[in-house]
1. Can you list the trypsin sites (Lys or Arg not before Pro) in the range A:189-263 that are in a DSSP coil and have 12 or fewer other beta carbons within 10 angstrom?
2. P(r) for the range B:77-225, please, calculated from all Cα pair distances in 10 Å bins and given in %.
3. How much length would be gained if the chain were fully extended between A:A226 and A:D43, taking 0.36 nm per residue of separation minus their Cα-Cα distance, in nm to one decimal?
4. Take the range A:236-320, drop everything but the C-alpha atoms, weight them equally and run the Debye formula without solvent; then report log10 I(q)/I(0) at 0.13, 0.14 Å⁻¹ to two decimals.
5. What's log10 of I(q)/I(0) for the range A:13-176 at q = 0.11, 0.13 Å⁻¹, Debye sum over Cα points only, no solvent?
6. Can you give the local net charge around B:L211? Use residues other than it whose beta-carbon is closer than 10 angstrom to its beta-carbon, Lys and Arg +1, Asp and Glu -1.
7. Counting Lys and Arg as +1 and Asp and Glu as -1, each charge on the Cβ, what is the dipole of the range A:111-205 about the Cα centre in debye, to the nearest 20?
8. Angle between the Cα long axis of helix A:333-350 and the longest principal axis of chain A, 0 to 90 degrees, nearest 10?
Amino acid sequence: MSLKTDKPPMRSAAWRISLWATLAFACGTMVVFVFLQSFVAGDIQRRSDAWLSGEVEVLGDVAERTPKDALYGRVVGEVAELAAREVPNKEASETASNDSVFFLQSGVDGSLKLWVGVGNGQDHLKAIRATEIPPDHPTDVRVPGFRVPFRVACLRADDGSHIYLGLSERDELRVLRSLRLRFFLLWLLIVLLGFGIVFLTTRRMLSHVQKITEAASRIGHSDLIARVPTTKRNDEVSHLALTLNRMLDRIESSMHQLHTITDSLAHDLRSPLTAIRGKLEMSLSTITDGEQIDPIVSVIDELDRLTDFLNKSLDVAEAKADALRLTRSAVDLNELLRVMIDLYEPSMSERGLRVSLQSSGPVRILADAALLHRMVANLLDNELNHLPANRTLTIQLRGKEDTASLILEDDGPGFDSEVLLHVFERRVKGRDSSGHGLGLAFVDAVARAHGGSVAVSNREGGGARIAITLPASPEPSSHSQLLASSSSN
Amino acid sequence: MRLLLVEDEIDIQSFLRRSLEESGYQVEVASDGKTAQRLAAESSFDILIVDLGLPDQDGISLILRLRQLGLRAPVLILSARRSVDDRVRGLEQGGDDYLTKPFALAELLARLRNLLKRNSSAAGEATRLRVLDLELDLLRREASRGGQVLQLTQQEFVLLEYLCKNAGRVVTRSMILDKVWGMRIQPDTNVVDVHIYRLRGKVDGAGQQPLIRTMRGVGYVLKDR
């Protein structure tokens, strides 16, 4: 058997477990990645700062040594160009001109003395002026027209001019961005993979539990011979299955013992009853004197009542232990009641009682027809024995989706209040009752054996009310019903 | 009619033997399965009565064994057990019958008759029944006595039909409940008697010979002579 297909996976425990496990896993790996990324970013920054500081010193050196003649600009420019080619983290740019590095020398008055780079350098100079750049400590400078800030190192020459070397952080950011993208994709992959593995594993494990639940719910409704499925693995779930099976073994064996006891009790009592009854019948056939017949006839009647009492007692005892064996077949309660009322109606009207059946048509259930016959006979016998003349018995039969309800109402004296409290117990009967006090206990036993119930009360206007509910079939028809019944236990 | 009675309880054995012989059966008795097998092998029987609880073996195993050995005669199974074994149901489907202890002798005899009738070639179902001056038309569901049509309800007709088919023989209340109403119950009240009284009121009119007799302690009989 597989998992119930009508249950969406989002509502399964496996889904919830995998969701939480994945969340924890995702957060953990995210923290690790963020830490790694910041470490790498810091390292890249440190390397480029070291390069900048080194290069600006070289350039300052060159600028100082080169005579300030017409060739000064060209010499320093060449050196700056050369330095720019060694930029770390550099990617081959599409354009021939190098816009990721600039060299700028400002005079004492702050005017642009020398510029190596793309454009005229005025924007850069303006931006540098606006920013305080300490010597020996490269700083970020934002230049209008450039999306990415420049890292600028500064050196003050002896003649009072400043030398600036700027390096665009574009390449550095690009490296970090690609690192982050790879990290993210990798993270997504392992999170999804982790979720899948956790979900499949838990679902597999819980499907065993589900199978055990389904099997266990079937057992007891139908038979005690079946067992829940076990696995070869030696885990908690297989322990659960084994424990359940051991418990079922014990229940089955005590059930079997109960059946053995009731069977042998029935056998031991029925055999002598048979012999006594047979002998009485034999003697009856030889006697013709009416006066001698009477006591024998009444003894035979008593014996039959005793037999009936024995049968009912054992049925009630077994039903109280949930061990009454049923032979189920499709039964139309409407038809069954009509036949029973047909049988009882003459006796009822003989005693001045009216009986009416209110039913809206066939009500089919899976039940033990013989037990239902005996149950209804019990109820009608009860009414016949206890209802005073000129009263009415109303029997209502209602069939709902998966239950049938049978309600008997009369306008008689109703139940004694002390009887009402213990009405289903054996040997409880009304003061004037001539029965053996098994009647309603038997009715309750039959209803229980079918998975139904009986409610007994006195009507407001006077009279007794007996309501019997029987399920249409022994198996719970839906999962929700199963849950409802298990939660009410 | 030769009958083999397999029953280990001496008390039951003796009264069954007597009443069966009174009813015209030639009875052989076996107290255990072994004896039963020997007797069945030695001579042939028309019918068997087998108790399920034998001292040496299970009654059903005995029946199955006898069937293997070629026994054709029908079997009436007696049981004091509470539940009906699945194998008993199987035998019931195979044409055998089942009776729970304790039972009324009349019922035992009726079941034996039924088994024997079933086993012989079934005589064509009669469409008319006639007992003395009582006549039943089974097709038109009409009963008349001495030419006078009786006003019977459907249920009363079925009851009278059952009595007529067993005319001259005792039928018990539980047999009537079983065959006419189709239920095996043991009512605390005299529901069957009231039906019989009503029927009697219609069948046995004033000045007529009463046909439906009460056999006290046993049941009813429809007189056929």
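The numbers here are math on the coordinates, done by the rules we state, and not lab data. This is a predicted model, so every value here is computed, not measured. In this analysis, Cβ positions are derived from the backbone assuming ideal geometry, glycine residues included, and neighbour counts consider all displayed protein chains.
1. Numbers: sites: A:R203, A:R204, A:K211, A:R218, A:R227, A:K232, A:R233, A:R246, A:R250; in loops: A:R227, A:K232, A:R233.
Here the sparse-neighbourhood loop sites are A:K232, A:R233.
2. 10, 37, 33, 16, 4, 0
3. Details: separation 183, 0.36 × 183 = 65.88 nm, distance 6.85 nm.
That pair, A:A226 and A:D43, stretches by 59.0 nm at full extension.
4. Here the Debye-derived log intensity ratios amount to -0.61, -0.66.
5. The computed values of log10 I(q)/I(0) come out as -0.50, -0.64.
6. Values: positive: B:R145, B:R200, B:R213, B:K223; negative: B:D133, B:D204, B:D224.
With Lys, Arg at +1 and Asp, Glu at -1, the neighbours total +1.
7. Numbers: 14 positive and 9 negative charges, 155 e Å.
For the range A:111-205, the charge dipole is close to 740 debye.
8. 30
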